[in-house]
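The values are calculated or read from the model by the stated rules, or taken from the named source; none is laboratory data. As the structure is a computational prediction, the values presented were derived from the model and not from experiment. Note: ideal-geometry Cβ built from the backbone for every residue, glycine included; neighbour counts use all protein chains shown. Ligands, DNA and RNA are stripped out before the accessible areas are found, and what is left, the full protein with its side chains, is counted by its heavy atoms. Shrake-Rupley method; radii C 1.70, N 1.55, O 1.52, S 1.80 Å.
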Amino acid sequence: GAVVSQHPSWVICKSGTSVKIECRSLDFQATTMFWYRQFPKQSLMLMATSNEGSKATYEQGVEKDKFLINHASLTLSTLTVTSAHPEDSSFYICSASTGGSFGYTFGSGTRLTVV
Amino acid sequence: GQQLNQSPQSMFIQEGEDVSMNCTSSSIFNTWLWYKQDPGEGPVLLIALYKAGELTSNGRLTAQFGITRKDSFLNISASIPSDVGIYFCAGHSNTGNQFYFGTGTSLTVIP
């Protein structure tokens, strides 16, 4: 159990366009989801905590108007990178809390390349 | 966001050797977790620790939640080639419901 599906697994977009990444909990309800960004050979940096039905909590230095997070249901959170630029190219990973003994399960990540 | 201090940054060991890595934080956490990440994949949970002083094993892996709640260690015994990867510690705080990762330990096992 406790499977998190992330889609797409990779995306290439033109500079200035927006990209939406989906994170779904397949077999459990997740009241909280976390979004991370990971640059090559670096650790995961928390971007924001997404709570179902309320506004996301962003980490310091993360632009909330650029990285729009929507957690409209207990099984789906989305991250939209608006007006993407090459420096936004990164590996984006979500995780969901089961609230139980499974800990925090991660999606398989989305490789975003902005050209 | 906050990042936990993890050491060592990288390790090169012979197959069969034991491995130890640790993680420290300036903040108290309620939960410590250890993950392994393969290239291009999301992290996979290895061990979760929920109580200060807790010592938990998962096969050849053993992890402990420090008494001060500000540190944790992970041991891998009798390493094998498939243990290669990057290991991350992570801490969760109930206050603010935040979840932070360590800087990572890259493990290379030489057959």
**Asked** Looking at A:Ser5, is it within 14 Å of chain B (Cβ to nearest Cβ) and either buried (at least 20 other Cβ atoms within 10 Å of the Cβ) or free of Cβ contacts under 8 Å to residues at least 40 places away in the same chain (or both)?
**Response** no
**Message:** Given the criteria out of contact with any Gly (no Cβ under 6 Å at 6 or more places or on another chain) and either assigned to a loop (DSSP other than H, G, I, E, B) or facing chain B (nearest Cβ under 10 Å) (or both), does A:Ser95 qualify?
**Reply:** yes
**Prompt:** Out of all the residues in segment B:63-75, is one or more within 14 Å of another protein chain (Cβ to nearest Cβ), small (Gly, Ala, Ser) and in a strand (DSSP E or B)?
**Reply:** yes
**Message:** Quick check on B:Thr105: is it closer than 30 Å to A:Ser54 by Cα and within 14 Å of another protein chain (Cβ to nearest Cβ)?
**Reply:** no
**Fill in**
The condition of being more than 12 Å from chain A (Cβ to nearest Cβ) and on the phi < 0 side of the Ramachandran plot holds, among B:Glu41, B:Glu15, only for B:Glu15
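Being in contact (Cβ under 8 Å) with a residue 40 or more places away in the chain and either of a type in the set (A, V, I, L, M) or assigned to a loop (DSSP other than H, G, I, E, B) (or both) is the requirement here; does A:Val62 meet it?
Details: in contact (Cβ under 8 Å) with a residue 40 or more places away in the chain: no; either of a type in the set (A, V, I, L, M) or assigned to a loop (DSSP other than H, G, I, E, B) (or both): yes.
No.
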**Prompt:** For segment A:20-42, how many residues meet the condition of being open to solvent by less than 10 Å² (accessible area, probe 1.4 Å) and either away from every other protein chain (no Cβ under 11 Å) or not in a strand (DSSP E or B) (or both)?
**Reply:** 3
**Asked** Before we move on, is B:Leu4 touching a residue at least 60 places away in the same chain (Cβ under 8 Å), facing chain A (nearest Cβ under 10 Å) and buried (at least 21 other Cβ atoms within 10 Å of the Cβ)?
**Response** yes
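Does segment B:56-68 contain any residue that is within 22 Å of A:Met47 (Cα to Cα) and open to solvent by 10 Å² or more (accessible area, probe 1.4 Å)?
As a first pass, look at segment B:56-68 and keep what is within 22 Å of A:Met47 (Cα to Cα): none.
Within segment B:56-68 (the criterion being within 22 Å of A:Met47 (Cα to Cα) and open to solvent by 10 Å² or more (accessible area, probe 1.4 Å)), the answer is no, since none of the residues qualifies.
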**Request:** Would you mention how many residues in segment B:23-52 are touching a residue at least 40 places away in the same chain (Cβ under 8 Å), open to solvent by less than 60 Å² (accessible area, probe 1.4 Å) and among the small types (Gly, Ala, Ser)?
**Result:** 2
